[in-house]
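Below is one structure, written out as structure tokens, with a few remarks after it.
No value in this document is a laboratory result; all are computed from the given coordinates. Note that this is a predicted model, so its numbers are computed, not measured. So basically every Cβ, Gly included, is an ideal-geometry build from the backbone, and we count neighbours across all protein chains shown.
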Amino acid sequence: MQNQVKKLPRRPNGKWASDLTLAEYFEVSRCTIWRWAKTGKLPPPVKLGENTTRWDFDAAVEKVLGKRSA
């Protein structure tokens with residue numbers, strides 16, 4: 001049997017994270033990220049442009065997990 005090493009979640013390079021980045025980090029679907037935002041489990045997203053919506057990564061991790069991201 002092979003040892004399986006779990007891949008660490010990808011942390012964004014900057015402050016802002018997309019729905020896809022958060023979905024990969026929390027291992028959920030993009031729909032779940034939007035549902036969490038709607039229900040208040042995530043902080044509200046920030047509209048950075050006409051077709052660009054992002055979350056503050058550290059605030060999102062703290063809100064969902066109750067701790068600061070490393």
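Some points to look at:
- Here is the list for segment 12-68: trypsin sites (Lys or Arg not before Pro) lying in DSSP coil, each with at most 15 other C-beta atoms within 10 angstrom of its C-beta, are K15, K41, K67, R68.
- Near R35: Cβ cut-off under 13 Å, other residues only, Lys/Arg at +1 and Asp/Glu at -1. The net charge is +2.
- Gain in span if fully extended, V28 to K63, counting 0.36 nm per residue against the direct Cα distance: 11.0 nm
- Gained length - W16 relative to E50, 0.36 nm times residue gap less alpha-carbon distance: 10.7 nm
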